[in-house]
Amino acid sequence: MSPSPPVEVVRELTSRGYNANREAVTLLARTSDPAAAISRALDAAPEETLTLSAEHVRSAVDTTPDRPNEEAAATTTNGDDPATDGGNSARAIDPTDPISEIPLASDGASIAETTATTGATDATETAAPGTAAEGDSAEPIASDPAASSGDTAASDAGQTKTPVETEGFAPRDAAKRSLQVANDMTGRSTGTGEYGDFVRVFRDRYERLSRLLRPRVKHRPIEAIRSMPGGAEVAIVGLISDIRSTRNGHRLVELEDTTGTFPCLFVTGKEVSERIDELLYDEAIAIEGTLSDDAGICFVDELYFPDVPRTNGPSRADRHVRAALVSDVHVGSQEFRADAWSHFADWLGSEEAERVEYLLLAGDMVEGVGVYPGQDEELDVLDIYEQYELFSEYLKEVPGDVEIVMIPGNHDAVRLAEPQPGFEDDLREIMSAHDARVTSNPSLVTIEGVSVLMYHGVSLDEVIAELPEEKASYDHPHRAMTQLLKKRHVAPQYGGHTRLAPEDRDYLVMDDVPDVFHTGHVHKLGYGKHRNVLSINSGCWQDQTAFQKRVNIEPDVGYAPIVDLDTLDLTIQKFT
Ligand code: D5M
Ligand code: FE
Ligand code: ZN
């Protein structure tokens, strides 16, 4: 390995089972013998190190720049700041905790699904199947007549329409558009990963989520509950700091507020205990219950999630305008479906799509490098910058008058820990041809009055892994999204699979209920409504990878969910 680009450094590290943050990769790439430098840095790093930091590198090798112009040309296998990375292990959670092992009779009433085309006026929550990803049909939407009901255009959603020239029909009217972005933390990262940051972000989470729960119960601070007598009826609003089983098989949930922690017992057989398998660490809940005789524990009678208010009614645009919600393009992968993407882009230029004036891209623009072991064998483009250059070419196929918003995903070259800031200037420049709006993951994007919460969706893996099949599964990703809506947080669990970085506030809390919740990541198409919020998990533009084959993920490739912003009706277009 002679002086090597960062990509090779990343590859070398991955092959040895390590990650490194961006700065460390840059430093290593600059040395005259990166392979030797990697060995020295790994030798010098503490035993438990999995992610090399710049400090590790500096302490082991001479990092005087050999190639000063190579500045920041790094993609990282991990992307975290060293400090925030350390933070992820701030509190270890035992992944084997049997949180999802308690079987539960499905209570369809609380997780309502409707086919997406039922329209926003349908306030009643009926449990209807009709999810896009249901069944094994090769063209799930096309075979689902409900998906193209009403006055939506694609009555024949399985067919790709022949593109027509852009002349001859009403041009998209940019003057009528409005688009605002909220919750963008790009350029505002303040976290250093110190203990104080974690305290602050959790306080902020508690403050904001408890505001939603407090009106529902007559709660007291835990400090006050500690001095109440046995048998007292109490209510607590807290974050879940622990969940464990007791010797008798009951479940003990430790709740924490700003004044202390208190053990709350969910007794097996009680109705309220049937919902315990929905609980995740660190989420905010409220409980009502009765103190034990010795006042040392609370027997739980009622459980409340922050949730979406039952009275929630969505906003609509006041003209007929539509948005395409896609994600997971994965340009640079051998499995990227350029043909499907080009069909889609052509369709956007067709008369049928003339009202599609917005395109939302929810992360994983490119395949990235060093994202998982062995990935390089399936890369078409090995250099991360070249991947973005190629992606930019595909973006140019989209008509220039379509407004684009994009957030990063876990394959993109920004830090992996959430919230993920929007792309940095070097990448924006590469992708500048289309003048897309770049914002952080997550962000709340309001288009002509309709708010869309865009989140890439890494936490969906965790929700699906932790919750029982009927409440969240890869075949019904929108059910996992419903869970996030109930928790009013896009990634509640800290220290698990989803990497989180503490900032001065918790950007992952859903303060406002969005009209539409848009995620991707799991490469499955799914949609449904929960209390009038339309959840859409877009599929992907990448065929099944060898890795996905190993873990049994059958992706939904080449679908574009299209939302009518004046009715919130949904149509699915298929391009494969
Ligand atoms: O994610 C595509 C899907 O593949 C998503 O459901 C996660 C899953 N995936 C990806 N990488 C892993 C690893 N390392 N372990 C388990 N499951 C994984 P994408 O973000 O496009 O890779
Ligand atoms: Fe992806
Ligand atoms: Zn992803």
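So, by mean Cβ neighbours within 10 angstrom, what's the order for 477-485, 199-207 with the highest one leading?
477-485, 199-207
If we count other beta carbons within 10 Å of each Cβ, what is the order of Trp341, Trp541, fewest first?
Trp341, Trp541
Return the whole-Å distance between the Cα centroid of the range 352-403 and the Cα centroid of the range 521-564.
Taking the Cα centre of the range 521-564 as reference, the centre of the range 352-403 is 16 Å away.
Thinking of the range 217-304 as a set of Cα atoms, what percent of all their pairs are more than 19 Å apart?
Roughly 28 percent, rounded to a whole number.
With a 10 Å radius around each residue's Cβ, average the other Cβ atoms per peptide and rank 27-38, 187-198, highest first.
27-38, 187-198
Going by average Cβ neighbours within 10 Å, how do the peptides 328-337, 373-382, 309-318 rank, with the highest at the top?
Highest to lowest by the protection proxy: 328-337, 373-382, 309-318.
Would you kindly state how much longer the chain becomes between Glu469 and Arg177 on full extension, computed as 0.36 nm times their sequence separation minus their alpha carbon distance, in nm to one decimal? Numbers along the way, then the final one.
Details: separation 292, 0.36 × 292 = 105.12 nm, distance 4.09 nm.
Full-extension gain reported as 101.0 nm.
Could you work out how far apart the two model spin labels at Ser292 and Lys270 are, taking each label as a point 7 Å from the Cα in the direction of the beta carbon, and quote it in nm?
Modelled inter-label distance: 1.2 nm.
Taking the inverse of the average 1/r across all pairs of different Cα atoms in the range 363-468, what Kirkwood radius in Å do you get?
After inverting the mean inverse Cα-Cα distance, the result is 15.0 Å.
Quick note: the coordinates plus some simple rules give every number you see, no bench work behind them. Because the structure is predicted, anything quoted here is derived from the model rather than measured. Cβ: placed from backbone, ideal geometry, glycine included. Neighbour counts: every protein chain shown.
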